[in-house]
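What follows draws every value from the coordinates through simple rules; no lab data is involved. If you're wondering where the values come from, they're calculated on a predicted model, not measured in any experiment. In this analysis, Cβ positions are derived from the backbone assuming ideal geometry, glycine residues included, and neighbour counts consider all displayed protein chains.
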Amino acid sequence: MKLIVAYIQPHKLKDVKQALYKAEVFKMSVTNSLGCGQQKGYHESYRGVDVEVNLLKKIRLEIAVNENYVDKTVKAIIEGAKTGQIGDGKIFITELQECIRIRTGEKGGEAIG
């Protein structure tokens with residue numbers, strides 16, 4: 001089991017979800033987040049004062065999958081999120097030790113579904 005965490009541009013969420021649905025990945029958690037990377041933010045003027053905005057809006061996706069879904073999930077995220085520009089995002093894959101479905105008590109790969 002793996003936990004896939006992806007940070008993507010907010011306007012690409014619809015495209016990523018469609019790509020995931022095509023890859024038969026339907027379960028995910030989506031969270032709004034703030035972050036900065038190579039983009040380093042931007043400057044804007046607010047009431048005549050120059051303000052540096054270095055935390056940009058991002059979307060955080062968390063998807064727990066069984067081993068045989070890792071590659072197709074990652075490919076779907078890349079397909080939906082890629083623009084070729086700086087700021088497309090990052091994908092992190094970590095080992096998932098245990099998963100327990102609260103409703104039934106199922107554990108492991110069966111609980112992920």
Residues located in the range 63-96, provided they are exposed (fewer than 14 other Cβ atoms within 10 Å of the Cβ) and without any contact (Cβ under 8 Å) to a residue 60 or more places away in the chain: Asn68, Asp71, Lys75, Gly84, Gln85, Ile86
Single unsatisfied condition, Ile102 versus (1) in contact with a Pro (Cβ under 7 Å, 6 or more places away or on another chain); (2) loosely packed, with under 13 Cβ neighbours inside 10 Å: (1)
